[in-house]
Amino acid sequence: MSAIFRRAYTTKTLIPPNVAAATRLSGSAKDGQITQLVDFYKKLPKGTVEAIKPSGPWARYKARYIDGENASVTPLLHLIFGVFTIGYTIDYHFHLKHHKNGEHH
């Protein structure tokens, strides 16, 4: 097995450094880097992340009717109603408004 292959598939890069190990190190050239790394890990937020509020109209609609526990059939009903409304509007404009007074062709 070549050294390149072993280096490419090591898990050392996936595991974060042990922050507690910084106190065990003696005065070396890496002390500055270790303290920066410790400070970085101390500044990271702990706990769960707050849910982001939806910002646009589609995001609010999706959060209300589609996502999570709120999932329902309502979007399907909205789609059916919208298609019916658009279809009737097109029919009225191109055909029905010409027969308002009972005239037929």
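The values are calculated or read from the model by the stated rules, or taken from the named source; none is laboratory data. Given the structure is predicted, the values throughout are model-derived calculations rather than measurements. Here Cβ is always computed from backbone atoms with ideal geometry, including for glycine, and neighbour counts include all displayed protein chains. The protein model used for the area step is the full one, side chains on, heavy atoms only, and it has no ligands, DNA or RNA in it. Shrake-Rupley method; radii C 1.70, N 1.55, O 1.52, S 1.80 Å.
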Give the stretch 50-59 a look and list any residue that's assigned to a loop (DSSP other than H, G, I, E, B) and either open to solvent by less than 70 Å² (accessible area, probe 1.4 Å) or among the polar types (S, T, N, Q) (or both), or say none.
P54, S55, G56
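When residues of the stretch 67-100 are filtered for being among the hydroxyl-bearing types (S, T, Y), within 25 Å of K53 (Cβ to Cβ) and either part of a helix (DSSP H, G or I) or open to solvent by 100 Å² or more (accessible area, probe 1.4 Å) (or both), how many remain?
Of the residues in the stretch 67-100, the ones among the hydroxyl-bearing types (S, T, Y) are 72, 74, 85, 88-89, 92.
Now narrow it down to the ones that are within 25 Å of K53 (Cβ to Cβ): 72, 74.
From what is left, the residues that are either part of a helix (DSSP H, G or I) or open to solvent by 100 Å² or more (accessible area, probe 1.4 Å) (or both) are 74.
So the answer is 1.
Table: residues versus (1) open to solvent by 100 Å² or more (accessible area, probe 1.4 Å); (2) touching a Leu at 6+ places or on another chain (Cβ under 7 Å); (3) modelled with pLDDT of 80 or more; (4) not in a loop (DSSP other than H, G, I, E, B).
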{"position": "M1", "(1), (2), (3), (4)": "yes, no, no, no"}
{"position": "T10", "(1), (2), (3), (4)": "no, no, no, no"}
{"position": "G27", "(1), (2), (3), (4)": "no, no, no, no"}
{"position": "G32", "(1), (2), (3), (4)": "no, no, no, yes"}
{"position": "K42", "(1), (2), (3), (4)": "yes, no, yes, yes"}
{"position": "T48", "(1), (2), (3), (4)": "yes, no, yes, no"}
{"position": "Y61", "(1), (2), (3), (4)": "no, no, yes, yes"}
